[in-house]
Every structure is written in structure tokens, then in C-alpha cells.
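Novice: Next up is a structure, given as C-alpha cells.
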Amino acid sequence: MYLGIDIGTSSVKAVVVDADQHIHAAATAPLAVSRPQALWSEQNPEDWWAAVEQAIAELRHKAGKAWAEIRAIGLSGQMHGAVLLDEAGLPIRPAILHNDGRSHAEAADLNSKLPGIGTIAGVPAMPGFAAPKLLWLSRHEPDVLERARHLLLPKDYVRFRMTGGFATDMCDASGALLLDNAKRQWSPEIAAAVGIALSMLPTPLEGSAVSGLLQGAVAKAWGLPPGTIVAAGAGDAAAGAVASGAVNEGDAFISLGTATQYFVARESYHPAPEHLIHTFCHALPGRWFQMAALLNGAGALAWAAELLGRDDIGRLLEDTERAFTGPSPVLFLPYLSGERTPHNNAHAKGVLFGLTPATTPEQVTQAVLEGVALSLADAQGYLEATGQLPDRVAVNGGGSRSRFWMRILASALNKTVLLQEGSEAGPAFGAARLARLAATGEGFTQVCAKPAITAEIAPDPALAADYARRLEKFRNLYKALVSLF
């Protein structure tokens, strides 16, 4: 058995996966995001640890006797967050998350100071990355940086609590915007530009490497043997790809979680910073990926349900599907948390356009589903400019549970959407696969095979044509409003 833990933005997910790569048990613990000021998005690292312990306790109960068979643990997590620890290993302030936009001025300054940063780090500086956040801290909270001795990514703080060591994986290191992606090592040039010493940074490892061993006190609390292997794991984008089998040239998948990624695996490093496509190291040796990173995904649906006073999202989707007759008369820009690809605009806002007295909750809900799908179709155009994409794309993450949404997405992308066995577990399943690689030394091509397909959703030709026209309106609406954001 192998344990995978994913530290997401809205929850921690944990799964136990058996030797046949079936999910034996799964558990989830919720997380909340704090937004103390406009553009800010933060979480307390201690909340991650509390949620991990809650999920582990539930999972241990569900797994039963299989719990004693766990041989290794893999970690996945939300990318780009800046976690700063003092000399004693204690968090100095709340973590600044991936969807935090406060450092937009610092990102622009970093791009001006290092014009080649997009080639070195795989994408120009944007507010969500750790590097510009460090510049923001130096200007607004200099005492924090003075006290800081370690910079970690979210999942790597959990690793520190588990093993006592400071390590990360190549994907998350890329997402800090401090890595030389071609060399797969920290960039002294970028570190100097943001004013930190390389000694602050964790050891970057391939995702399938052993990063440390489970400490005695944690092992005892979790009911696992001390010295259980903890794999380096991966940032959630690469972990989701490992789960989906997107490990070879041209393999593509979409992760539809709180935020959204459109991911294409590559066997060589070819950055495309001019398109705002993220070109990062994969979690596996000798692999990279290109990715459109979107800050808004299933989180937009949760927002809409709360706005409409609907506690049961499943029932809301059922009602919306029954009312469906074609594209919603309402158009939605889903930029509730700003946007990265293709706009790099922390100030972008969510917009409902076309409301009338006759507008229904179902039309608004459908518009939200379509808005996320159209934002992916928009990003797909930029990915296609960097290389060929397949006609079939796997989708995982919480949003993939809705077949109705998947039908909309297939038509908006004009591609067949594939649902895979275990797709809802997404990055947690990928983390368990990386744990297995660390424990057994097997080749990743065998372990990271594509899971069985449980459903294929082909695009509807008439609806695809409707959404192609809708995409032009979607783009034009953003262009018309961008100066007002």
C-alpha cells in the first residue's frame, strides 16, 4: 500500500493505493482561505497540518488492516505559496497563496530587472509566484525577511513536520520562479534579484526520490513504522499529470480543481514566455511540461452556489442540466481571483453580463460552467501556438465529477474529454504513485501508465460551433472591460 496526501487550497485529500493501483480508501478534510485585504489570499500553515492529521485519522479508520501495509508516502500540494519559517522552524506569518495578487508591482519590477527570467524560469514573473512575493515582503514587511531562515512551498511545510527536513520537488521549485529549469537547480541570478540567499531554499529533488523518513513522534501518532519513506512528491499540477499518465511527449490533461491547469507533457525544455505559458520541470527525471495556469475553476462554481443560496451543489447542477437548451444567455468572465494565462492580470474581475429580469439561477449557474470552459478554450489557443495538442484530453479534479460540465467542456474545447479511473483523487493518487517509485525503484513508464478510461465525452458539433462564436464574445468582453478593472 502507498499513501498519497494532497494539500489543496480548499481541502486536504489523502488516499491509500494498493499494488494494483486501485484506491483502497480516501479521506478529505476542509481548509479555509483568509482574504484580509483586496488581492490578498492567505492560509495558516498550522491549518494544513491540522487538516492532514484529521484526514489521516479518518483514512486510517477506513483503511483497516491495509493501513499496516503502507510502505511509502507521497506528497502533493497547491503550488507557488510562500511559507517562511524562522530559526526554530516556526511560521513567521500566514502563507501567501498562489491566487494572491498583491505583488503585481514587484512582478513587473522583476521582469524589468531580469528581462530573461521567462527563459530561465519558464514564464515571466507574475504575482502568484513566490519570487515576487519575496520582493513584496522586503518592501512591506522587511522584519519578516530578516527573521526568515527557510522558504518552503505549502506541501513542503507538511514534509518538514513529517520528516524534519527541508526539501522540495522540481515542479514546485519551478513554481517558486527561482529555479533554472534547464539545469534543474536553483538560479543564483534570480535569488540575488529578489534578495535572498540560496541557503534559504529547500533541496530540490526529482519527485520519485526519497526526501526523508517519517519521524518517530509523527509515525507513532499515525500508526506507521518510524522510518517510513517520504517521497519528494510534486506540485499539484505535476502530481495530477502523474495520476493521469501524462508523462510522455504530447500527453495532455486538465486539472479542474479550485484553480485550473491545462497541462501538456514535454520531453525537452522549450519555454514560451511570450504566450504566458508556464514551462516547468515535471516531477519525473528528464521531463518538463507546458501549462496554461488559470486561477479560477471549480472554485467559481462553489462561489455561484453560495451566491445563490444553494447548499447542495449536486442538486443545483441537476436543476441546471434539466433547464439546458443551449448556451446560456448570460456570459460569465470567471476571473474572481484575477487571472494568469493568458492575461497576467491580478486586477481582473468576475463579470456576469447579459442579466435581465428573466434571468434564472440555472442560467447563472450554466454561465459559470461555460465561463470556466471558455477560459480553458481561450488558453488552449495559446498552448496550440507552442506545439501540437492531442484530440483527446483527460480531466481530473473535483469538477470532473459533473458529467454535465464535462459535456460543456468537450464542446467548448472541441475535443473528446476522457474520465479516468480514480480521476477524482487526482494529485493525491499521483503522490501515491511517486511514493511507490521512491520505495521500489521501478521505472516510471510502467507505474505511471494511463488509468483505465471510465467515460469518453465527445464534443457536440452544433454546440461546439455555438461555443466557438461564444468564445469571441468572451474575449471581446474582457477587452472591453480590462481598462475598468
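Novice: For each pair in Lys13/Lys155; Lys13/Lys220; Lys65/Lys220; Lys113/Lys133; Lys349/Lys479, compute the distance between the two Cα atoms and list the pairs where it is over 18 Å.
Specialist: From Lys13/Lys155; Lys13/Lys220; Lys65/Lys220; Lys113/Lys133; Lys349/Lys479, over 18 Å: Lys13/Lys220.
Novice: So, by mean Cβ neighbours within 10 angstrom, what's the order for 106-115, 93-102, 129-138 with the highest one leading?
Specialist: With the highest mean Cβ count within 10 Å placed first, the list reads 129-138, 93-102, 106-115.
Novice: What Rg and what Dmax come out for segment 233-339 when only alpha-carbon atoms are used, in angstroms?
Specialist: Cα-based Rg and Dmax for segment 233-339 come out at 17.0, 48 Å.
Novice: Is there a quick way to get the dipole size of the chain? I mean about its Cα centre, with the Cβ of Lys and Arg at +1 and of Asp and Glu at -1; what is the value in debye to the nearest 20?
Specialist: The dipole of the chain has a size of about 60 debye.
Novice: Using θ = phi - 60° and the Karplus relation 6.51 cos²θ - 1.76 cosθ + 1.60, list the HN-Hα couplings for segment 461-478 in order, rounded to whole Hz, with x at every Gly or Pro.
Specialist: For segment 461-478, the Karplus-derived couplings read x, 5, 5, 4, 5, 4, 6, 4, 5, 5, 4, 4, 5, 4, 5, 5, 5, 4 Hz, x marking Gly and Pro.
Novice: Taking the chain on its own, what percent of its Cα-Cα pair distances exceed 35 Å?
Specialist: When every Cα pair of the chain is considered, 27 percent fall beyond 35 Å.
Novice: So, one more: Taking a ≥ b ≥ c as the square roots of the Cα gyration tensor eigenvalues, with a/c under 1.5 meaning rounded and otherwise prolate when a/b beats b/c, else oblate, which class fits segment 121-166?
Specialist: Taking the square roots of the gyration eigenvalues as a ≥ b ≥ c, segment 121-166 is oblate.
Novice: Taking Cα pairs under 8 Å and at least six residues apart, what relative contact order does the chain come out at, in percent?
Specialist: The normalised contact order for the chain reaches 16 percent.
Novice: I want the antiparallel fraction of DSSP beta bridges within the chain, as a percent rounded to 5.
Specialist: Of all bridge pairs located within the chain, approximately 70 percent are antiparallel.
Novice: Additional query: Apply the Karplus curve 6.51 cos²θ - 1.76 cosθ + 1.60, θ = phi - 60°, to the phi angles in segment 257-264 and return the couplings in whole Hz, x for Gly and Pro.
Specialist: Once θ is set to phi - 60°, the couplings for segment 257-264 become x, 3, 9, 9, 10, 10, 10, 10 Hz.
Novice: Excluding ligands, DNA and RNA, what is the solvent-accessible area per residue of segment 224-320 at a probe of 1.4 Å, expressed in Å²?
Specialist: 28 Å²
Novice: Evaluate the relative contact order of segment 387-485 (contact order divided by residue number), counting alpha-carbon pairs under 8 angstrom at least 6 apart; express in whole percent.
Specialist: Here the relative contact order equals 33 percent.
Novice: Shifting gears a bit: Scan around Thr168 for amide H atoms under 5 Å from its own, H built in the peptide plane at 1.01 Å from N, and keep only partners 5 or more places away or cross-chain.
Specialist: Thr203, Leu205
Novice: How much area per residue is accessible in segment 401-441 when the probe is 1.4 Å and only protein heavy atoms are counted (Å²)?
Specialist: Per-residue value: 28 Å².
Novice: Ignoring any ligand, DNA or RNA, what whole percent of the accessible area of the chain comes from carbon and sulfur when the probe is 1.4 angstrom? Each step should come with its number before you reach the end.
Specialist: Values: 9090 of 17330 Å².
With neighbouring chains kept in place, the figure for the chain is 52 percent.
Novice: Let me ask something else about it. If you take every residue apart from Ile23 with its C-beta less than 10 Å away from the C-beta of Ile23, what net charge results, scoring Lys and Arg +1 and Asp and Glu -1?
Specialist: Result for the local shell: -3.
Novice: Compute the Cα gyration tensor for segment 363-433, then decide on rounded, prolate or oblate, letting a ≥ b ≥ c be the square roots of its eigenvalues: rounded whenever a/c is under 1.5, prolate when a/b is larger than b/c in the other cases, and oblate in all that remain.
Specialist: oblate
Novice: So who's got an amide H within less than 5 Å of the one on Ala25, skipping anything under 5 residues away but keeping other chains? H placed 1.01 Å off N, in plane.
Specialist: Val16
Novice: For segment 267-287 and segment 178-236, compute the distance between their C-alpha centroids and round to whole Å.
Specialist: When both Cα centres are located, 20 Å separates them.
Novice: Would you work out which of Gly89, Ser76, Ala105 lies farthest towards the positive end of the dipole of segment 1-108? Charges go on Cβ: Lys and Arg +1, Asp and Glu -1.
Specialist: Of Gly89, Ser76, Ala105, it is Ser76.
Novice: Now a separate question. Do the sum for the chain: with -39,500 (n - 2.57) for every DSSP H run of n ≥ 4, divided by all residues, what is the mean residue ellipticity at 222 nm, to the nearest 500 deg cm²/dmol?
Specialist: -11500 deg cm²/dmol
Novice: When a/c reaches 1.5 or more, the comparison of a/b and b/c decides; with that in mind, is segment 372-485 rounded, prolate or oblate per its Cα gyration tensor?
Specialist: prolate
Novice: Continuing with the same structure: Report the local net charge at Asp172: Lys and Arg +1, Asp and Glu -1, summed over other residues whose C-beta lies under 13 Å from its C-beta.
Specialist: Numbers: positive: Lys155, Arg159, Arg184; negative: Asp6, Asp156, Asp169, Glu206, Asp236.
Result for the neighbourhood of Asp172: -2.
Novice: For Ala252, what charge total do you get from the other residues with a beta carbon under 12 Å from its beta carbon, if Lys and Arg give +1 and Asp and Glu give -1?
Specialist: Taking every other residue near Ala252 into account, the sum is 0.
Novice: Tell me which residues come under 5 Å, amide H to amide H, from Thr228 once H is placed; ignore anything under 5 positions away on its chain.
Specialist: Amide H neighbours of Thr228: Leu214.
The values are calculated or read from the model by the stated rules, or taken from the named source; none is laboratory data. Computed from a predicted model, the values in this text were never measured in an experiment. For neighbour counting, all protein chains shown are included, and Cβ atoms are generated from backbone atoms with ideal geometry for every residue, glycine included. Note: areas computed on protein heavy atoms with side chains; ligands, DNA, RNA excluded. Shrake-Rupley method; radii C 1.70, N 1.55, O 1.52, S 1.80 Å.
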